[in-house]
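The values are calculated or read from the model by the stated rules, or taken from the named source; none is laboratory data. These numbers come from a predicted model, not from an experiment. Here the Cβ positions follow ideal geometry from the backbone for every residue, glycine too, while neighbour counts run over all protein chains shown. For the accessible areas, the whole protein counts, side chains as well, though only heavy atoms, and no ligand, DNA or RNA atoms are used. Shrake-Rupley method; radii C 1.70, N 1.55, O 1.52, S 1.80 Å.
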Amino acid sequence: MPASPRRIEFETDVFSSTGFTLLVDDVAQSHVDRADPTRLFFEYVRRIGHVVDAMGLPGEPLRVLHLGGGAMTLPRYVEATRPDSQQLVVEIDGELARLVQDRLPLPTGADIAVRVDDAASVVVELPGGASFDLVIVDLYDRLDAPAFVETGVFMGGCLGLLADRGLLVVNVADAAGLARLRAQARAIARADPGTDLLVAGDASVVSGAEEGNVVLVAAPRGLPPGLAGRLAALGPHPAAVLEGDRLDFALWGAC
């Protein structure tokens, strides 16, 4: 039997007359404030915003690949904070991409291309040395991520698209215990064992005690100076940031 169509809704923000939450089958996927695209509502999105802000000089244009579009919150944020950036958004759901652009149009004049396609295929098809400053992976169908995000092939493909000091940033929605985070970190380590990793999130989630979202940052050529301190200081709080030996212990335990 054919799959039943998904229910896509835009719910008005109770905190702002210009804010909207995108819901797919009653699950909140994205939040956008049309009047202020720098207002990032979801905690994990705000943490990714801090990573964007740590790249290069303030306001410097970036080349960004977004794997997973939703309401295109982060492409709007990048355009607002770094005008003239070149961005490619890959979204597998063509109907969702169309409705989002109809209801919440992208900024006029922004260099944001939207491609309806499968992220795994696009990563393989894009030419090597594509030189993105950021590759942001946020791939979920309701609350589930596709299995390929836990493979070394996919993560290696993402790493291979990065510019010299580029970063791979992954939203990881996890259950207590961090099984999904461990699997995705393991996939990155298999693809490039020398890649530096950092994890940021709510302290209770990073500890493995509760379910929630964490942000996994992978840097083949080193993390930006001060990134861990920026993420810890700017929150949202209570924030926990792990890298180096502390992250190794959290992910793998004593060896």
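Couple of notes before you dig in:
- Residue check for Leu168: free of Cβ contacts under 8 Å to residues at least 60 places away in the same chain and in contact with a Cys (Cβ under 9 Å, 6 or more places away or on another chain): yes
- Every residue from segment 197-255 that is in a strand (DSSP E or B) and touching a Pro at 6+ places or on another chain (Cβ under 7 Å): Asp202
- All positions within segment 171-185 that are touching a residue at least 60 places away in the same chain (Cβ under 8 Å) and assigned to a helix (DSSP H, G or I): Leu181, Arg182, Ala185
- When segment 205-234 is filtered for residues that are touching a Leu at 6+ places or on another chain (Cβ under 7 Å), surrounded by 19 or more Cβ atoms within 10 Å (Cβ to Cβ) and under 20 Å from Arg186 (Cα atoms), the ones remaining, listed by number, are Val206, Val214, Leu216, Val217, Ala218, Ala219, Leu223.
- Segment 93-132 - residue that is β-branched (Val, Ile, Thr) and touching a helix residue (DSSP H, G or I) at 6+ places or on another chain (Cβ under 7 Å) and, of those, surrounded by the fewest Cβ atoms within 10 Å (Cβ to Cβ): Val124
- Boolean, His66 is assigned to a strand (DSSP E or B) and out of contact with any Phe, Trp or Tyr (no Cβ under 7 Å at 6 or more places or on another chain): yes
- Selection count where residues are of a type in the set (A, V, I, L, M, F, W, C), closer than 16 Å to Ala200 by Cα and crowded, with 16+ Cβ neighbours inside 10 Å, scope segment 156-182: 8
- Single residue of segment 46-74 satisfying the filter (open to solvent by less than 10 Å² (accessible area, probe 1.4 Å) and within 17 Å of Gly19 (Cβ to Cβ)) that is farthest from the chain's Cα centre (by Cα): Ala71
- Residue within segment 1-17 that is touching a residue at least 60 places away in the same chain (Cβ under 8 Å), within 17 Å of Glu95 (Cα to Cα) and of a type in the set (Lys, Arg) present: yes
- When segment 133-155 is limited to residues that are in a loop (DSSP other than H, G, I, E, B) and within 23 Å of Leu23 (Cα to Cα), the one that is most open to solvent (accessible area, probe 1.4 Å) turns out to be Leu143.
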